[in-house]
Amino acid sequence: MSIDETAAAESSTPQNAPASSDIERLAINTIRTLSMDGVQAANSGHPGTPMALAPVAYTVWQNFLRYNPADPTWPARDRFVLSCGHASMLLYGMLHLAEVKQADHYGDVVDEPAVPLDHIRKFRQLHSRCPGHPEYGETGGVETTTGPLGQGCGNSVGMAIAQRWLAARYNRPGYELFNSNVYVVCSDGDLMEGVASEAASIAGHLKLANLCWIYDDNKITIEGETDLAFTENVGLRFKAYGWNVLKVDDANDTAALSAALKRFTRTKNMPTLIIVKSQIGYGAPNKAGSHKAHGEPLGDEEIRLTKAAYCWTGDAFCVPDEVYEHFRSGIGARGAKLYKAWKRKLKAYAKDHPELAAELHAIEHRDLPADWEAALPVFPADPKGTATRASSGKVLNAVAAKVPWLIGGSADLAPSTNTLLTFDGAGDFEPDNYAGRNFHWGIREHGMAAALNGMALCGVRPYGATFFVFTDYMRPSMRLSALMRLPVLYVLTHDSIGLGEDGPTHQPVEHLAAMRAIPGLIVLRPGDANEVAQAYRAALHQNDKPSVLVLSRQTVPTLDRTKYASAEGAARGAYVLAGTAEQLGGAKPDVILIGTGTELATAVAAYERLTTEGVRARLVSMPSWELFDAQDAAYREAVLPGDVSARVACEAGLSQGWERFLGPRGRFVGMSG
């Protein structure tokens with residue numbers, strides 16, 4: 001159905017909006033005009049949604065958000081997530097007007113604006129803190145990277161979970177340190193994505209009453225009106241998930257928005273969805289209500305007409321002084337007061353509960369307890385051995401007992417992935433026990449992975465588990481873990497054709513190559529039980545990268561470390577198990593054998609046979625390409641001497657990428673299909 005331009009212009013006239021104060025209207029229109037101007041200057045972007053949702057963002061930030069613009073890393077703050085990241089100018093406008101300070105990936109606050117006006121003028125340009133989609137760690141106040149639709153929704157569930165867990169573990173009588181809410185702005189596109197549906201189902205089951213999604217029901221996508229592809233009753237769907245569903249008929253009605261948000265804050269037993277009817281490109285006489293206001297600049301003439309409709313007389317990128325002052329006296333003053341009170345409470349808490357306060361300090365700084373590595377088990381030599389998934393379960397339980405904020409679970413496969421925490425007090429995270437450390441994600445791999453990112457963004461160390469082949473369902477969120485430099489731990493078992501009779505649908509072939517292709521993701525495939533322990537050591541030391549543990553179903557021998565080198569070398573990505581320069585009497589190896597995971601045992605057997613036959617062989621275990629690449633050139637040369645071209649690598653996966661380590665004369669023994 002086409003939009004009549006005259007009707008659109010009449011219905012979008014700002015004077016038809018519900019009455020609000022002059023300063024409210026001025027502040028809201030400032031958000032709108034900054035958004036229009038930024039997109040126009042970039043000659044690309046999405047102006048229509050910020051224009052429509054400016055009253056929503058204004059109401060949440062100015063009247064509800066427990067947030068201190070002077071410290072956007074405050075652990076007890078409310079979170080504001082823009083899941084529809086294409087509407088990024090809405091967020092950048094708010095960060096600028098609220099005068100939020102800059103912060104980096106490590107939580108260090110810088111005494112400068114997160115979003116200076118000059119950066120809005122350079123929207124979508126290189127080195128601007130206003131990229132096309134919000135990027136965590138690049139711009140202070142951006143809680144998560146939201147580009148792929150639905151991911152912010154999934155992250156928000158993890159944030160709400162983390163806040164509930166932190167409250168359950170650390171709040172004490174007289175010390176309510178954690179009581180924050182998570183506000184999400186999401187679009188039709190977000191709610192069409194499967195990851196948002198999985199996340200919403202998780203949130204409903206867990207009764208996360210601290211979570212509020214504000215759904216922009218504008219009926220427009222890039223191709224046109226949503227009835228081209230999306231005609232379901234969203235409210236009924238969310239009621240079925242167990243959500244409290246509220247409706248606001250006009251996004252411009254700030255009183256109705258406030259009433260709905262107050263109902264959210266009073267709801268104690270379920271998450272809330274507020275369905276807000278809006279008109280995309282509100283105020284634009286010829287493009288409001290049309291997909292023409294969605295994915296392209298309005299144009300200079302349309303902007304001129306729109307600003308006239310707003311009664312706006314300022315130049316491009318104009319911000320009236322009274323708007324800055326309005327936000328200073330609102331969210332600025334309120335946030336500063338809440339923040340100072342919380343800091344005083346935390347100081348007193350540290351005196352009454354020093355051990356818990358020390359844990360909170362470690363969480364905030366992505367540290368671990370000083371003695372946690374002492375918990376790593378050492379496994380005796382065993383020719384029969386054990387599956388690396390089984391030794392992983394033992395290591396995970398030993399380490400988690402020492403690191404209380406290491407929490408997580410599996411997508412309905414905990415008995416198979418060996419990821420259930422079984423020590424006393426671990427418990428299950430459920431609506432009646434938010435202090436539990438075992439999570440049951442159900443068969444929702446993508447929702448789990450997105451939630452893990454949200455949990456990591458709140459400081460806890462989350463892990464998630466499933467079969468390796470099901471990373472096909474998780475990869476978008478895993479890629480975002482790497483982009484955001486989040487120390488998420490993925491425990492992935494049944495790693496090869498060796499899993500057996502389940503057949504090719506469950507047998508990973510290309511998955512190692514796919515994981516290694518993600519920049520910033522540490523992939524570890526340990527070859528025996530002691531390498532598993534060292535893989536956990538290496539993964540947990542990564543405080544700015546996600547890690548993947550790739551583990552077997554089938555058993556592998558536990559190597560005799562009096563005969564072979566210590567497994568501590570695994571933390572360097574690759575190391576010489578046998579056939580060192582000293583063992584070879586200074587002679588150059590005739591051949592280098594490289595193994596990973598279950599195929600390390602094959603490489604060991606080949607090494608033993610070759611040495612028996614008088615061949616000077618070197619045996620190398622290479623559990624992690626990424627960690628090996630991070631070593632200095634001298635170490636890499638010592639393990640894989642450049643003048644030894646006879647090399648063989650054995651791995652139950654594709655050869656893709658192995659040429660870097662094998663060279664032109666090397667050979668790969670593995671899979672081709």
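The values are calculated or read from the model by the stated rules, or taken from the named source; none is laboratory data. This is a predicted model, so every value here is computed, not measured. Virtual Cβ from ideal backbone geometry, glycine too; neighbours counted across all protein chains shown. Keep in mind that these areas ignore ligands, DNA and RNA; they rest on the heavy atoms of the full protein, side chains included. Shrake-Rupley method; radii C 1.70, N 1.55, O 1.52, S 1.80 Å.
Relative to the Cα centre, what is the charge dipole magnitude of the chain, using +1 at the beta carbon of each Lys and Arg, -1 at the beta carbon of each Asp and Glu, and rounding to the nearest 20 debye? Intermediate values should be presented prior to the final figure.
Working: 64 positive and 75 negative charges, 305 e Å.
Approximately 1460 debye in magnitude.
Would you rank Thr422, Thr471, Thr267 by solvent-accessible area, highest first, keeping every protein chain in place and using a 1.4 Å probe? Before the final figure, lay out each step's value.
Values: Thr422 100, Thr471 5, Thr267 25 Å².
Heavy-atom accessible area, descending, gives Thr422, Thr267, Thr471.
Would you tally the net charge around Lys545, using a Cβ to Cβ cut-off of less than 14 Å, leaving Lys545 out, and scoring K and R as +1, D and E as -1? Result for the local shell: +2.
Going 7 Å from the Cα of Ile497 along its beta-carbon direction, which residues of segment 646-673 have the amide nitrogen within less than 17 Å of the resulting point? 649-656, 668-673, by backbone N distance to the label point.
At a probe size of 1.4 Å, how large is the accessible area of Lys588, to the nearest 10 Å²? Near enough 100 Å² of accessible area. The modelled label-to-label distance for the pair Asp111/Asn43, using points 7 Å beyond Cα in the direction of Cβ, is 4.0 nm.
Could you list the square roots of 5 times each eigenvalue of the Cα gyration tensor of segment 404-469, that is, the equivalent ellipsoid semi-axes, sorted largest first and rounded to whole Å? Please report the intermediate quantities before stating the final value.
Working: eigenvalues 58, 45, 23 Å².
Equivalent-ellipsoid dimensions as semi-axes: 17, 15, 11 Å.
Relative to the longest principal axis of the Cα atoms of the chain, the long axis of helix 333-352 makes an angle of roughly 40 degrees. The radius of gyration of the Cα set in segment 13-143, together with its Dmax, comes out at 14.2, 46 angstrom. For Lys207, a cut-off of 27 angstrom between C-alpha atoms picks up these lysines, skipping any fewer than 8 places away in its own chain: Lys239, Lys247, Lys262, Lys268, Lys277. With a simple spin-label model that places each label point 7 Å from the Cα along the Cα-to-Cβ direction, the separation between Ala581 and Arg660 comes to 2.4 nm. Histogrammed with a bin width of 5 Å, the alpha carbon distances of segment 72-186 distribute as 2, 12, 20, 22, 19, 12, 7, 3, 2, 0 percent, first bin at zero. Projected onto planes of every orientation and averaged, the convex hull of the alpha-carbon atoms in segment 130-179 covers 4.2 nm².
The relative contact order of the chain, computed from alpha carbon pairs under 8 Å that lie at least 6 residues apart in sequence, is 12 percent. Summing Lys and Arg as +1 and Asp and Glu as -1 over all other residues whose Cβ lies under 9 Å from the Cβ of Val109 gives a net charge of -3. Spatially, segment 223-248 and segment 456-482 are offset by 27 Å when compared through their Cα centroids. Projecting the Cα positions of Ala200, Gly150, Leu177 onto the charge dipole of segment 143-200 (unit charges on Cβ atoms of Lys, Arg, Asp and Glu, taken about the Cα centre) puts Leu177 furthest along the positive direction.
What figure, in Å² to the nearest 10, do you get for the accessible area of Glu322 with a 1.4 Å probe and non-protein molecules left out? Solvent-accessible area, nearest 10 Å²: 100 Å². Model label points for Phe317 and Ile23, set 7 angstrom from Cα along the Cα-to-Cβ axis, are 2.7 nm apart. Normalising the average separation of contacting C-alpha pairs (under 8 angstrom, six or more residues apart) by the number of residues puts the relative contact order of segment 36-160 at 27 percent.
With a Förster radius of 25 Å, plug the Cβ-Cβ distance of Lys394 and Thr562 into 1/(1 + (r/R0)^6) and report the FRET value to the nearest 0.05.
On the way: r = 22 Å, r/R0 = 0.86.
With a Förster radius of 25 Å, E is 0.70.
Once both axes come from the Cα atoms, what is the angle between helix 300-309 and the longest principal axis of the chain, in degrees from 0 to 90, rounded to 10? The two axes meet at around 50 degrees. Which of rounded, prolate, oblate describes segment 241-328, given a ≥ b ≥ c as roots of the alpha-carbon gyration tensor eigenvalues and a/c under 1.5 marking rounded, otherwise prolate only if a/b is larger than b/c? Here segment 241-328 falls in the oblate category. Of the listed values (i) -0.50, -1.15, -1.27; (ii) -0.41, -1.19, -1.40; (iii) -0.38, -0.93, -1.06, grab the one calculated as log10 I(q)/I(0) by the Debye sum over Cα atoms at q = 0.06, 0.10, 0.11 Å⁻¹ from the structure here. Among (i) -0.50, -1.15, -1.27; (ii) -0.41, -1.19, -1.40; (iii) -0.38, -0.93, -1.06, the one derived from this structure is (iii).
Counting only DSSP beta bridges with both residues in segment 391-499, the antiparallel share comes to about 5 percent. Taking a straight Cα-Cα cut-off under 21 Å and skipping sequence neighbours fewer than 8 places away in the same chain, the lysines within cross-link reach of Lys394 are Lys384, Lys402.
Taken over segment 282-417, the convex hull of the Cα atoms encloses 261 Å³ per residue.
Compared with the alpha-carbon gap, the fully stretched path from Lys347 to Asn433 is longer by 28.2 nm at 0.36 nm per residue.
Each residue of segment 127-279 gets 136 Å³ once the volume of the Cα convex hull is shared out per residue.
Magnitude of the charge dipole for segment 78-144, about its Cα centre and with charges confined to Cβ atoms of Lys, Arg (+1) and Asp, Glu (-1), is about 340 debye.
Taking every DSSP bridge with both residues inside the chain, close to 20 percent are antiparallel. The residue list Phe80, Leu117, Tyr67 was ranked by how far each Cα lies along the charge dipole of segment 32-133 toward its positive end, using unit charges on Cβ atoms, and Phe80 comes out on top.
Using C-alpha pairs under 8 Å with a sequence gap of at least 6, the mean separation divided by the residue count of segment 611-673 gives a relative contact order of 26 percent. If you bin all the Cα-Cα distances of segment 621-673 at 10 Å, starting from zero, the percentages per bin are 22, 55, 21, 1.
Where Lys and Arg each count +1 and Asp and Glu each count -1, what net charge lies around Gly152 among other residues with Cβ under 9 Å from its Cβ?
Charge balance in the 9 Å sphere: -2.
Arrange the residues Ser672, Ser391, Ser566 by how much accessible surface each exposes, largest first, with a 1.4 angstrom probe. Intermediate results must be reported in sequence, preceding the final value.
Numbers: Ser672 120, Ser391 0, Ser566 65 Å².
Largest to smallest exposure gives the sequence Ser672, Ser566, Ser391.
For Thr562, the solvent-accessible surface computed with a 1.4 Å probe is close to 130 Å², ligands and nucleic acids excluded. The length gained by stretching the chain between Ala638 and Glu232 to full extension, at 0.36 nm per residue less their Cα-Cα distance, is 140.0 nm.
Figure note: Asp227, Asp78 ranked by solvent-accessible area, largest first, 1.4 Å probe, ligands and nucleic acids not counted: Asp227, Asp78. Between the alpha-carbon centres of segment 297-339 and segment 91-151 there is a gap of 18 Å. For the chain, take the longest principal axis of its alpha carbons; what is the angle in degrees between that and the long axis of helix 529-540, to the nearest 10 within 0 to 90? That helix lies at roughly 30 degrees to the long axis.
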